[in-house]
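I have placed the structure first, in the form of structure tokens, so that the comments after it can refer back to it.
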Amino acid sequence: QVQLVESGGGLVQAGGSLRLSCTASGMTSSINAMAWFRQAPGKQRERVAYSSNSGSTNYLDSVQGRFTISRDKAQNTVYLQINSLKPEDTAVYYCWSQGTIWYWGQGIQVTVSS
């Protein structure tokens, strides 16, 4: 099994920045990709950033240029740097890992005030 623990969320003003962190523990050698998803109230969960073990990344169009995913493989940690925050970025953000099966973190709230 893999356990994912997120940190770094909170309340920020529009235009501000946050860095989310997610540390994996357990069977981390099984992980071949990690990503961040978000779910706003009344909306479906959507993937905002993806990072494979090979180094490829992918972003949701609406966050391209503002969000950056990075990984510290030695620390089994994935980060999401979020800049130029907008009120529509308000959501619960989830860390995700892909190996033999998918794992999810518990989610962390990001609230952007206008």
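The values are calculated or read from the model by the stated rules, or taken from the named source; none is laboratory data. Just so we're clear, the structure is a prediction, and the values are computed from it rather than from any experiment. All Cβ positions, even for glycine, are placed from backbone atoms using ideal geometry, and neighbour counts span all protein chains on display. Quick note on the areas: whole protein, heavy atoms, side chains included, nothing else; ligands and nucleic acids left out. Shrake-Rupley method; radii C 1.70, N 1.55, O 1.52, S 1.80 Å.
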Just a yes or no: is a residue in segment 87-101 in a strand (DSSP E or B), at pLDDT 95 or above and farther than 26 Å from Ser30 by Cβ?
yes
Which count do you get for residues in segment 34-56 that are among the small types (Gly, Ala, Ser), in contact with a strand residue (DSSP E or B) (Cβ under 7 Å, 6 or more places away or on another chain) and under 21 Å from Val92 (Cβ atoms)?
4
Considering each residue of segment 102-114, count those that are modelled with pLDDT of 95 or more and either in contact with a His (Cβ under 6 Å, 6 or more places away or on another chain) or of a type in the set (S, T, N, Q) (or both), and give that number.
4
Matching residues, segment 17-35, being within 17 Å of Ser52 (Cα to Cα) and in contact with a Leu (Cβ under 9 Å, 6 or more places away or on another chain)
Ser21, Cys22, Thr23, Ala24, Met34
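Residue by residue, here is whether (1) among the hydrophobic types (A, V, I, L, M, F, W, C); (2) under 14 Å from Ser7 (Cα atoms); (3) over 9 Å from the mean Cα position of the chain (by Cα) holds:
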site: Leu20; (1), (2), (3): yes, yes, no
site: Ala24; (1), (2), (3): yes, yes, yes
site: Pro41; (1), (2), (3): no, no, yes
site: Val48; (1), (2), (3): yes, no, no
site: Gly55; (1), (2), (3): no, no, yes
site: Ser62; (1), (2), (3): no, no, yes
site: Ser70; (1), (2), (3): no, no, yes
site: Ile82; (1), (2), (3): yes, yes, yes
site: Lys86; (1), (2), (3): no, no, yes
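Keeping to segment 78-99, report how many residues are open to solvent by less than 40 Å² (accessible area, probe 1.4 Å) and closer than 15 Å to Gly16 by Cα. I'd like the intermediate steps shown before the answer.
Residues of segment 78-99 open to solvent by less than 40 Å² (accessible area, probe 1.4 Å): 78, 80, 82, 85, 89-97, 99.
Keeping just the survivors that are closer than 15 Å to Gly16 by Cα gives 80, 82, 85, 89-90.
Looking only at that region, the number is 5.
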